[in-house]
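**Q** Okay, here's the structure, questions in a sec.
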There are 2 protein chains.
Amino acid sequence: MQVSEIQWSKAEETIIKKAFEIAYQREISALLKEVREVSGSIIELEQLWRLHDFLSARRHDIDGKYHYELSTVIFVFARLIKEGWLNRDELKGLNSEKLSKISALSRM
Amino acid sequence: MQVSEIQWSKAEETIIKKAFEIAYQREISALLKEVREVSGSIIELEQLWRLHDFLSARRHDIDGKYHYELSTVIFVFARLIKEGWLNRDELKGLNSEKLSKISALSRM
């Protein structure tokens with residue numbers, strides 16, 4: 001079965017939504033903290049435009065990554081684990097085959 | 001004579017370049033200060049994306065405004081005076097007819 005065709009139970013959907021929310025809040029908090037720290041020491045225009053470029057990239061990335069869609073959940077969770085925004089434990093309750101797929105993808 | 005066809009003496013060009021530099025430094029300093037102040041209190045993602053939008057607009061504006069071109073100097077100086085980045089006194093030495101044009105445009 002294609003990863004994109006995997007079916008999810010109602011109970012799994014609840015776990016998915018919660019995990020998404022946890023990772024999102026974690027990533028956003030880290031981003032906000034980083035911007036507050038970096039921007040306080042900006043003294044040159046070049047640094048300011050670097051911050052602007054950074055925000056453009058992060059905005060594009062975050063908008064795409066947290067767009068909730070069941071067909072891409074496996075890939076998104078693998079990425080979130082790889083990036084450190086989600087722990088495997090936080091997906092407890094998902095079917096073990098799905099968890100294995102996520103784990104395998106997160107190590108790629 | 002069209003404003004864009006106005007001729008400038010070497011002495012005037014020196015005054016122009018200096019005035020440009022003064023206004024540029026003033027505007028940039030104010031922008032950097034504003035960003036440092038605003039960004040220190042960002043606690044929500046929405047505020048961060050507002051800062052991003054603000055930087056996108058300011059970058060576009062500043063890149064265009066300070067593009068040195070003699071044919072548009074009259075308009076740029078009028079705008080810089082209107083926006084408060086340049087004082088009329090800082091253009092002392094330019095031909096009086098040109099100064100009048102700049103003053104008139106800056107009040108529009």
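The values are calculated or read from the model by the stated rules, or taken from the named source; none is laboratory data. Predicted model only: the values in this text are computed from it and were never measured. Neighbour counts are summed over all protein chains in view; Cβ atoms, including those assigned to glycine, are modelled from backbone coordinates with ideal geometry. Each accessible area value is taken on the protein alone, full model and side chains, heavy atoms only, with ligands, DNA and RNA left out. Shrake-Rupley method; radii C 1.70, N 1.55, O 1.52, S 1.80 Å.
**Q** Of all residues in the range B:68-91, how many are at pLDDT below 95 and of a type in the set (G, A, S)?
**A** Here the count works out to 1.
**Q** Given B:R107, B:R26, which one is more than 30 Å from A:K33 (Cα to Cα) and open to solvent by 50 Å² or more (accessible area, probe 1.4 Å)? Please lay out each step first, then the result.
**A** Numbers: B:R26 fails: more than 30 Å from A:K33 (Cα to Cα).
Step by step, each of B:R107, B:R26 is checked, and only B:R107 is more than 30 Å from A:K33 (Cα to Cα) and open to solvent by 50 Å² or more (accessible area, probe 1.4 Å).
**Q** Would you check which residues across the range A:44-87 are under 22 Å from B:E44 (Cβ atoms), open to solvent by 40 Å² or more (accessible area, probe 1.4 Å), of a type outside the set (S, T, N, Q) and within 13 Å of another protein chain (Cβ to nearest Cβ) and list them?
**A** A:D53, A:F54, A:A57, A:R58, A:R59, A:H60, A:D63 - these are the residues of the range A:44-87 that are under 22 Å from B:E44 (Cβ atoms), open to solvent by 40 Å² or more (accessible area, probe 1.4 Å), of a type outside the set (S, T, N, Q) and within 13 Å of another protein chain (Cβ to nearest Cβ).
**Q** Determine which single condition A:A78 fails, assuming it passes every other condition in (1) hydrophobic (A, V, I, L, M, F, W, C); (2) within 10 Å of the chain's Cα centre (by Cα); (3) under 30 Å from B:E34 (Cβ atoms).
**A** Among (1) hydrophobic (A, V, I, L, M, F, W, C); (2) within 10 Å of the chain's Cα centre (by Cα); (3) under 30 Å from B:E34 (Cβ atoms), the lone unmet condition for A:A78 is (3).
**Q** Follow-up. So, of the residues in the range A:89-100 that are closer than 14 Å to A:I16 by Cβ and of a type in the set (D, E, K, R), which turns out to be surrounded by the most Cβ atoms within 10 Å (Cβ to Cβ)?
**A** Restricting attention to the range A:89-100, the residues satisfying the condition of being closer than 14 Å to A:I16 by Cβ are A:90-95, A:98-99.
Okay, now just the ones that are also of a type in the set (D, E, K, R), so A:90, A:92, A:98.
Working: A:E90: 16, A:K92: 10, A:K98: 19.
Among those residues, the one meeting the criterion is A:K98.
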